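The block underneath contains the structure these notes are about, expressed in structure tokens.
The values are calculated or read from the model by the stated rules, or taken from the named source; none is laboratory data. Please read these numbers as outputs of a predicted model, since none were measured by experiment. All Cβ positions, even for glycine, are placed from backbone atoms using ideal geometry, and neighbour counts span all protein chains on display.
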Amino acid sequence: MNYSDDDNQEELIELYTSKEAVSEAAREKEASEKVFEDIGVQLKDFPGPQREIDLHGFTGSEAMFELSNFLDRAINQRVRTVRVITGKGLHSQHMKSVLPELTERKLGEFRRAGTVLAFRREKNGGAFLVYLVS
């Protein structure tokens with residue numbers, strides 16, 4: 001699917017801001033917080049972000065493609081901590097954030113696949129810190 005035109009962008013926004021999608025993002029957040037409780041002490045040994053990617057300006061599908069490539073490269077380069085900048089969605093159409101929720105879901109997939117140890121939103125809410133298995 002190409003989500004570059006306005007009609008398709010609307011479809012993407014509706015798809016990922018549905019009640020089910022929001023619930024799934026909330027479950028991912030809870031699962032990630034649980035991981036932090038379980039391994040928080042280990043994460044103190046991780047360095048600060050060694051690489052970062054800024055997803056501003058990408059459509060949802062483009063951003064997830066870029067994020068997957070970025071994480072694959074970081075893992076291959078044995079990077080341990082990355083920052084993923086999504087923004088807060090303040091400039092999104094209809095003020096509905098898409099990238100933070102999509103990113104949370106994608107990071108959850110990587111966590112379940114065993115390549116992401118944990119992730120969390122930074123305090124400002126516009127970025128994620130991601131701890132990679134290396």
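With respect to the conditions (1) in contact with a Phe, Trp or Tyr (Cβ under 9 Å, 6 or more places away or on another chain); (2) more than 17 Å from T103 (Cβ to Cβ); (3) surrounded by 15 or more Cβ atoms within 10 Å (Cβ to Cβ); (4) modelled with pLDDT under 65, L12 falls short on a single one, namely (2).
Condition check for F58 on (1) hydrophobic (A, V, I, L, M, F, W, C); (2) in contact with a His (Cβ under 8 Å, 6 or more places away or on another chain); (3) more than 24 Å from S134 (Cα to Cα): one failure, at (2). Beta carbons closer than 6 Å, at least 6 apart along the sequence or on distinct chains, pair a first residue in the stretch 42-70 that is within 16 Å of A118 (Cβ to Cβ) with a second that is aliphatic (A, V, I, L, M) and outside any loop (DSSP other than H, G, I, E, B) for P49/V82. Applying the set (1) modelled with pLDDT under 90; (2) hydrophobic (A, V, I, L, M, F, W, C); (3) surrounded by fewer than 19 Cβ atoms within 10 Å (Cβ to Cβ); (4) over 17 Å from P47 (Cα atoms) to V98 leaves exactly one unmet item: (3).
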